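Chemist: Handing you this structure, nothing more for now.
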Amino acid sequence: LSTAFDFESIEFLKDKLDFYKIPSGEITNLPYLIKVAKLKLPIVMSTGMANMQEVKEALAVLIAHGINKEDVTILHCNTEYPTPMKDVNLLAMKTIEKELGVEIGYSDHTLGIEIPIAAVTLGATVIEKHFTIDKTMEGPDHKASLEPNELKAMVAGIRDIELAMGNGIKT
């Protein structure tokens with residue numbers, strides 16, 4: 001996955017991706033949203049820097065320019081690095097799902113792997129977690145990112161939870 005933050009990058013990435021990620025800082029950038037919609041790729045949209053009204057308006061712009069609602073997954077997110085547990089608000093995913101009728105996911109900036117795994121139990125179909133080869137590297141993302149062994153453990157935990165969720169039928 002790669003996220004474009006400008007028109008030149010959108011053009012560069014358009015033939016290299018199976019879906020397109022809209023960063024939360026671009027949710028109110030209407031020309032950007034229209035350009036992305038015209039690519040006709042499935043969309044994953046992060047919401048860390050947006051309120052619910054801005055998310056609704058961005059979704060409406062995408063749909064008005066040719067994106068099917070079924071092709072949009074909206075990620076709940078908090079942009080504080082690292083995000084304190086008290087600020088995660090995982091249930092906001094359910095609000096997004098209920099109010100907008102879209103697939104939901106979670107973009108995680110907490111320390112550890114627990115929150116992305118919990119998000120899956122609430123219906124997240126996409127998890128975004130930053131990856132690093134060394135948490136001690138300089139920069140805002142590394143501390144809240146996962147090293148290779150942690151990423152592997154997170155994915156294994158998610159797969160176990162998906163399996164354990166079952167079909168909901170009591171036998």
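The values are calculated or read from the model by the stated rules, or taken from the named source; none is laboratory data. Values in this document were obtained by computation on a predicted structure and should not be read as measured data. Glycine gets a Cβ as well: all are built from the backbone with ideal geometry, and neighbour counts include every protein chain shown. Only protein heavy atoms, including side chains, enter the accessible area calculation; ligands, DNA and RNA are left aside. Shrake-Rupley method; radii C 1.70, N 1.55, O 1.52, S 1.80 Å.
Chemist: Given the structure, is residue 22 open to solvent by 30 Å² or more (accessible area, probe 1.4 Å), under 22 Å from residue 101 (Cα atoms) and among the hydrophobic types (A, V, I, L, M, F, W, C)? Quick ask: steps written out before the conclusion?
Modeler: Values: open to solvent by 30 Å² or more (accessible area, probe 1.4 Å): no; under 22 Å from residue 101 (Cα atoms): yes; among the hydrophobic types (A, V, I, L, M, F, W, C): yes.
Answer is no for this residue.
Chemist: Can you tell me which residue within the range 115-171, out of those that are small (Gly, Ala, Ser), at pLDDT 95 or above and within 25 Å of residue 89 (Cβ to Cβ), is most open to solvent (accessible area, probe 1.4 Å)?
Modeler: 164
Chemist: Specify the residue that is surrounded by the fewest Cβ atoms within 10 Å (Cβ to Cβ); the eligible residues are those in the range 30-55 that are assigned to a loop (DSSP other than H, G, I, E, B) and touching a Cys at 6+ places or on another chain (Cβ under 6 Å). Before you say what the answer is, go through the steps one by one.
Modeler: Within the range 30-55, the first condition is being assigned to a loop (DSSP other than H, G, I, E, B), and the residues that meet it are 38-42, 47-51.
Going one step further and asking which of them are touching a Cys at 6+ places or on another chain (Cβ under 6 Å), we end up with 47-48.
On the way: 47: 24, 48: 17.
Only one residue fits best here, namely 48.
Chemist: Right, another one. With the requirement that a residue be open to solvent by less than 20 Å² (accessible area, probe 1.4 Å) and either part of a strand (DSSP E or B) or of a type in the set (Ser, Thr, Tyr) (or both), what does the range 88-114 give you?
Modeler: Scanning the range 88-114 gives 104, 105, 106, 107, 108, 110.
Chemist: Which residue, of 58, 119, is within 16 Å of the chain's Cα centre (by Cα), under 20 Å from residue 28 (Cα atoms), in a helix (DSSP H, G or I) and among the small types (Gly, Ala, Ser)?
Modeler: Going through 58, 119 in turn, just one is within 16 Å of the chain's Cα centre (by Cα), under 20 Å from residue 28 (Cα atoms), in a helix (DSSP H, G or I) and among the small types (Gly, Ala, Ser): 58.
Chemist: Answer with yes or no whether residue 162 is closer than 20 Å to residue 19 by Cα, assigned to a helix (DSSP H, G or I) and out of contact with any Phe, Trp or Tyr (no Cβ under 8 Å at 6 or more places or on another chain). Steps first, please.
Modeler: On the way: closer than 20 Å to residue 19 by Cα: no; assigned to a helix (DSSP H, G or I): yes; out of contact with any Phe, Trp or Tyr (no Cβ under 8 Å at 6 or more places or on another chain): yes.
Spelling it out, it is not the case that residue 162 is closer than 20 Å to residue 19 by Cα, assigned to a helix (DSSP H, G or I) and out of contact with any Phe, Trp or Tyr (no Cβ under 8 Å at 6 or more places or on another chain).
Chemist: Which residue pairs have Cβ atoms under 6 Å apart, sit 6 or more places apart or on different chains, and have a first residue in the range 72-89 that is within 23 Å of residue 43 (Cβ to Cβ) and a second that is polar (S, T, N, Q) and part of a strand (DSSP E or B)?
Modeler: Taking only residues 6 or more apart or on different chains, the pairs are 75/46; 75/107; 77/46; 77/107.
Chemist: Limited to the range 56-77, what total is found for residues that are at positive phi and open to solvent by 50 Å² or more (accessible area, probe 1.4 Å)? Show your work before the answer.
Modeler: Restricting attention to the range 56-77, the residues satisfying the condition of being at positive phi are 66.
Keeping just the survivors that are open to solvent by 50 Å² or more (accessible area, probe 1.4 Å) gives none.
Looking only at that region, the number is 0.
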